[in-house]
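What follows is one structure encoded as structure tokens, with my remarks underneath.
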Amino acid sequence: ILRLEEAVERYPNDPSVGSATFMLAESYRHSAADIAAAIQQNPRIDHRVSLEQARTHRLQRASELFTTAIDRLDPLASLDSGHPAANPAGKLSPLDHEYLRACYMDRAGCAYALGNYPLAIKLYDQTSLRFSNDVTAVEAYVQIVNAYLALKEPTQASAAAERAQWVLKRVPDAAFSKQPIKLTRQYYQNL
């Protein structure tokens, strides 16, 4: 984390700063997950309060960094935010496209992990809109349903599940060919 922080700060105009920012955000997110796992494994762990605070801080920092990476990697987001796009031509390498997709999903996942379900719903909805022709849109809607269930809003969850089925119908068959075998259209229809 320290080396990536230094690299991102030292070389803010480097063309690969978007991917480096993504990796830094992922490092914070994984560190927060490790803390959560340690707390879950031992609920009476020493310094639990400070560990929970560290987990919260790391998830918040990860979310900020995912937003920064989105601003740098996504030419569409960059136009709205005023940040210089790392790739102003709008063409991303396949790896940068995966980083971008993960940034959108993981940023929403950070809000979900923090228990900020209304924000998670908003961010997953943005993800679904941004990747509307991709399986990611369906995955985002699955999480929207989960967030509404966590909020104990079954009516909203049901409506989101119906929208998920509508989104699923719009995803081209070719998008499923990029997925692991078990993640077919039928798999999502059965959820």
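In whole Hz, with x marking every Gly and Pro, tabulate ³J(HN,Hα) for region 9-14 from phi via Karplus 6.51 cos²θ - 1.76 cosθ + 1.60, θ = phi - 60°.
Running phi through 6.51 cos²θ - 1.76 cosθ + 1.60 with θ = phi - 60° gives 6, 6, 10, x, 9, 5 Hz.
Under the rule a/c < 1.5 gives rounded, and otherwise a/b versus b/c splits prolate from oblate, where does the chain land using the Cα gyration tensor? All intermediate terms of the calculation are to be shown ahead of the outcome.
Values: a/c = 1.92, a/b = 1.07, b/c = 1.79.
Note, shape of the chain comes out oblate.
With a sphere of radius 12 Å drawn around the Cβ of A20, what net charge do the other residues whose Cβ falls strictly inside it have (Lys, Arg +1; Asp, Glu -1)?
Combined, the nearby Lys, Arg, Asp and Glu give -3.
To the nearest 0.05, what FRET efficiency results for Q53 and K178 with a Förster distance of 35 Å applied to their C-beta separation? Mind dumping the intermediate values first?
Numbers: r = 39 Å, r/R0 = 1.12.
So, using R0 = 35 Å, E works out to roughly 0.35.
Which value in nm describes the separation of the simple spin-label points at H30 and K122, placed 7 Å from the Cα toward the beta carbon?
3.0 nm
E153: accessible area at probe 1.4 Å, nearest 10 Å²?
About 70 Å², ignoring ligands and nucleic acids.
For n ≥ 4 DSSP H runs only, could you compute -39500 (n - 2.57) per run for the chain, divide by its residues and tell me the 222 nm figure to the nearest 500?
Taken over the chain, the calculation gives -24500 deg cm²/dmol.
Can you tell me how much longer the chain between Q156 and N13 gets when fully stretched, taken as 0.36 nm per residue apart minus their C-alpha distance, in nm with one decimal?
Values: separation 143, 0.36 × 143 = 51.48 nm, distance 4.29 nm.
Here the segment from Q156 to N13 would lengthen by 47.2 nm.
Which Cα, out of L2, F66, I121, lies furthest along the positive dipole direction of the chain (beta carbon charges, K/R +1, D/E -1)?
Farthest towards the positive end: I121.
Springs between alpha-carbon atoms under 10 Å, Gaussian network over the chain: tell me which of S158, S27, S128 tops the mean-square fluctuations.
Comparing S158, S27, S128 in a Gaussian network model of the chain, the most mobile one is S158.
Just to confirm a number: summing +1 for Lys and Arg and -1 for Asp and Glu over residues other than A54 whose beta-carbon lies under 12 angstrom from that of A54, what do you get?
Summing Lys and Arg as +1 and Asp and Glu as -1 gives +2.
Below 14 angstrom from the Cβ of I39, what's the summed charge of the other residues (Lys, Arg +1; Asp, Glu -1)?
Working: positive: R44, R48, R55, R58; negative: D34, D46, E52.
Overall, the nearby charge balance is +1.
Expressed as a whole number of Å, what is the distance separating the alpha-carbon centroids of region 1-63 and region 119-182?
Going from one Cα centre to the other spans 26 Å.
Provide the per residue accessible area, probe 1.4 Å, for the chain, rounded to a whole number of square angstrom.
Accessible area per residue: 58 Å².
State, to one decimal in nm, how far the label point of L2 lies from the label point of A37, with both points 7 Å from Cα in the Cβ direction.
In this crude label model, L2 to A37 measures out at 2.3 nm.
Report M23's accessible area, 1.4 Å probe, all protein chains in place, as a number in Å² to the nearest 10.
Probe radius 1.4 Å; accessible area of M23 about 80 Å².
If you count only protein heavy atoms and use a 1.4 Å probe, how large is the accessible surface of D34, to the nearest 10 Å²?
110 Å²
Taking springs between alpha-carbon atoms closer than 10 angstrom, which of V17, V49, V138 fluctuates most in the Gaussian network model of the chain?
V49
Cut-off 10 angstrom, C-alpha nodes, Gaussian network model of the chain. Which of L59, L149, L24 fluctuates the most?
L149
On a 1.4 Å probe surface of the protein chains, which of H57, H97 comes out largest in accessible area, and what is the full order?
H57, H97
The values are calculated or read from the model by the stated rules, or taken from the named source; none is laboratory data. Just so we're clear, the structure is a prediction, and the values are computed from it rather than from any experiment. No Cβ is skipped: glycine too gets one built from the backbone with ideal geometry, and neighbour counts run over all protein chains shown. The accessibility values were calculated without ligands, DNA or RNA, using every heavy atom of the protein model including side chains. Shrake-Rupley method; radii C 1.70, N 1.55, O 1.52, S 1.80 Å.
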